[in-house]
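Reviewing the structure listed below.
Just so it is clear, none of the values below were taken in a lab; they were calculated from the coordinates. Keep in mind that this is a model prediction, so the values were computed, not measured. Cβ placement follows ideal geometry from the backbone for every residue including glycine, while neighbour counts extend to all protein chains displayed.
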Amino acid sequence: MKLVETAILSTDLAMYFKKRNKFLELIDDGEFDWQSDDRKDLLSGMMMTACDVSAIAKPWEVQHRVAKLVADEFFDQGDLEKMQLKVKPIAMMDREKKDELPQMQVEFIDIICLPLYRVLADTFPWVKPLYQGTLENRRHWQDLAEKVEMGLTWIDHDTIDKPVEAFTESEETKDIELTVQTLHTVSSAAPVELKKRHKKLCCML
């Protein structure tokens, strides 16, 4: 039970920051024995954090969908805090700051994910895919953050890498058919002939 309790508590990022420096010092020294109980607890705690945030290392199509779902949940909680508790939610739960999420993701990766995955990958080579996946997703989040700086947004779409100004695939070009009547003036003795021509004018609605 103690092992389970320690593992669960390790998913709290406050515990991660408390233990991180000691873990990094051990790795940097290159002299450690994972067989002792305190070292086992320390390593298992770091591994639990690595697992807990592992969505950040998944393929981009999965990562940004998960981020959208988590953001929606956080914003719902923030809305409740505003309405029921009359308090201002933290930035990651404040719907009014939804377009700041890409930059927040970049900071989350830089502060928590990359340092942890880097040191784990150096020690345990089988962790390298997590480190590489996180690097790749950081590039995507940074790209979105730069688009937000340009005045674009993403959160209002199911696919969050598409700015609000972009057209969805379901939108189609609609044709407007205009009828043009051309009057040909002829001699007074001849009747006036009317010809109808149909032209199509395309515009994106």
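Given R₀ = 35 Å, what would the calculated FRET efficiency be for Lys88 paired with Asp28, taking r from the Cβ atoms and rounding to 0.05? After rounding to 0.05, the efficiency reads 0.30. Could you pull out which residues in the stretch 7-26 have an amide N less than 11 Å from a spot 7 Å beyond the Cα of Ser44, following the Cα-Cβ vector? Flagged as within label range: 7-10. Here the Karplus curve 6.51 cos²θ - 1.76 cosθ + 1.60, taken at θ = phi - 60°, turns the phi angles of the stretch 97-111 into couplings of 10, 4, 6, 8, 4, x, 5, 5, 5, 4, 5, 4, 5, 5, 8 Hz, with x standing for Gly and Pro. Principal axis extents of the C-alpha atoms in the stretch 53-135 (largest first, rounded to whole Å): 48, 23, 17.
Couplings for the stretch 37-52, taken from phi via the Karplus curve 6.51 cos²θ - 1.76 cosθ + 1.60 with θ = phi - 60°, read 4, 5, 6, 4, 4, 5, 5, 5, x, 5, 5, 5, 5, 4, 6, 5 Hz in order; Gly and Pro are left as x.
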